[in-house]
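Reading through the structure tokens given below for one structure.
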Amino acid sequence: MIKQLEKKLHEEIPLTKVMKLKIDTYNDKELITSAPLDININDKGTAFGGSLSTMTIISSWSLCWLISKELEIDSKNIVVIKNENLYLKPVRKDIICYTHKPSIEEISILKEKIDKKGSSSIKIKSKIIEDDEVCVEFEGTYVIQLF
């Protein structure tokens, strides 16, 4: 499923292909994505803020897509409606983003609301970590609609 997701991102969101965004791992706790520093670098030799923002937003969107697939929801319409990034430290190596899967309870509530109303929202959190230190913290609210 992660290869299907990576292909979808590269075909439908061309920026992800240019950034060389890669889907590395997905399990019951998190989605891990990465992108090389050399293509996402700024004039200071660190990761470009726009690339960091894109990584967190796309990684969180990707987790919503994966959850939708697991719930057997036709998720053609997933959108971020609110997000915030905190840039705590510069990223000097390849970008690695850890997107935390919501709890089983949160996912159950999402499914119930989608089944009842045709749409629901869920909060997703991501962190970009380098050398065991959090460089970027992200929280976004995503809406998943059936229509």
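No value in this document is a laboratory result; all are computed from the given coordinates. It should be emphasised that the depicted structure is a prediction, and the values quoted were computed from it without experimental measurement. In this analysis, Cβ positions are derived from the backbone assuming ideal geometry, glycine residues included, and neighbour counts consider all displayed protein chains.
Spatially, the range 1-17 and the range 63-136 are offset by 16 Å when compared through their Cα centroids.
Note on the chain: percent of Cα-Cα distances in each 5 Å bin, starting at 0 and stopping at the bin with the largest distance, equals 2, 10, 20, 23, 20, 13, 7, 3, 1, 0.
Give Lys82/Lys111; Lys44/Lys127; Lys22/Lys117; Lys7/Lys93; Lys22/Lys116; Lys17/Lys113 a once-over and call out the pairs whose C-alpha atoms are over 31 Å from each other. Intermediate results must be reported in sequence, preceding the final value.
On the way: Lys82/Lys111 20 Å; Lys44/Lys127 22 Å; Lys22/Lys117 34 Å; Lys7/Lys93 24 Å; Lys22/Lys116 35 Å; Lys17/Lys113 33 Å.
In this structure, Lys22/Lys117; Lys22/Lys116; Lys17/Lys113 lie more than 31 Å apart at Cα.
Screening the chain for DSSP H helices whose Cα atoms reach 24 Å or more along their own axis and whose mean Kyte hydropathy is at least 0.5 gives 49-70.
Trypsin sites (Lys or Arg not before Pro), restricted to the range 75-111: which are DSSP loop and have at most 13 other Cβ atoms within 10 Å?
Details: sites: Lys76, Lys82, Arg92, Lys93, Lys111; in loops: Lys76, Arg92, Lys93.
Sites meeting the loop and neighbour criteria: Lys76, Lys93.
Applying a DSSP loop filter and a limit of 15 other Cβ atoms within 10 Å to the GluC sites (Glu not before Pro) in the range 54-145 leaves Glu72. The charge dipole of the chain, taken about its Cα centre with unit charges on the Cβ of Lys, Arg, Asp and Glu (plus for the first two, minus for the last two), comes to roughly 340 debye.
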